[in-house]
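Have a look at the structure below before the remarks.
None of the figures in this text is laboratory data; all of them are computed from the coordinates on show. Quick caveat, the model's predicted, so the values are computed rather than measured. Here Cβ is always computed from backbone atoms with ideal geometry, including for glycine, and neighbour counts include all displayed protein chains.
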Amino acid sequence: MYSLFTKIFLSFWLVALLVGASVLGAQRFLGASAVDHAIERTEAHAATVSSLLADEGMVAVRRWLVGMMRREHAPLLLIDETGRPLTGQPPHRLREQLKGGLQPGVHTLRPGLLAVVRPVPNSEPPLYLASLVRVEWGTTLPF
């Protein structure tokens with residue numbers, strides 16, 4: 001049989017492993033839901049940009065984007081199909097990605113920083129809305 005010390009020692013390490021696995025699982029789940037939320041939010045913002053463009057023009061879009069960036073504390077950029085920003089100044093890492101033209105989707109700029117890019121409906125020429133999302137390291141992304 002095992003000694004009392006061995007039983008306590010093994011129990012301690014079993015509990016430590018279970019707690020570690022639980023924390024890692026929760027982190028991955030919460031990070032993925034943050035990305036899902038960012039995708040939904042960017043799609044909704046793109047629809048708003050489309051409406052503003054149709055009704056009031058680019059000046060109203062710029063004014064709205066500045067207000068949203070202040071409220072959400074997250075960069076929102078309107079870009080054309082070549083990746084040229086039409087509003088705002090992109091952060092350095094995003095500027096590098098935009099040089100080749102950024103396609104719709106979720107792009108990793110660096111570990112822990114993603115760019116969510118969604119098309120603006122009914123825009124001619126095609127326009128895209130990009131937002132930046134911070135996620136925890138080790139997050140499993142939903143795509």
_Linear extension gain, Thr108 paired with Val59, 0.36 nm per residue minus alpha-carbon span_ = 14.6 nm
*Step through the residues of segment 111-128 one at a time and calculate ³J(HN,Hα) from phi using the Karplus curve (6.51 cos²θ - 1.76 cosθ + 1.60, θ = phi - 60°), rounding each to whole Hz and writing x for Gly and Pro.*
x, x, 9, 10, 10, 9, 10, 10, x, 8, x, 6, 9, 9, x, x, 10, 9
_What does the extension gain come out to for Arg84 and Val19, with contour length at 0.36 nm per residue minus their alpha carbon separation?_
18.7 nm
*asked:* For the pair Phe12/Arg70, report the inter-label distance in nm, with labels modelled 7 Å from Cα in the Cβ direction.
replied: 5.6
_Estimated vicinal HN-Hα couplings, Hz - segment 61-69 in sequence order (Karplus 6.51, -1.76, 1.60; Gly, Pro = x)_ = 4, 4, 4, 5, 4, 4, x, 5, 5
*Name the long-range amide H neighbours of Leu109: under 5 Å, sequence gap of 5 or more, or other chain; modelled H, no Pro or chain starts.*
Leu114, Ala115
_Sorted peptide list for 5-11, 66-72, criterion being average Cβ within 10 angstrom, highest first_ = 66-72, 5-11
*Mind listing the phi-derived Karplus ³J(HN,Hα) values for segment 6-19, rounded to whole Hz, using 6.51, -1.76 and 1.60 with θ = phi - 60°, and x for any glycine or proline?*
5, 5, 5, 4, 5, 4, 4, 5, 5, 5, 4, 5, 5, 5
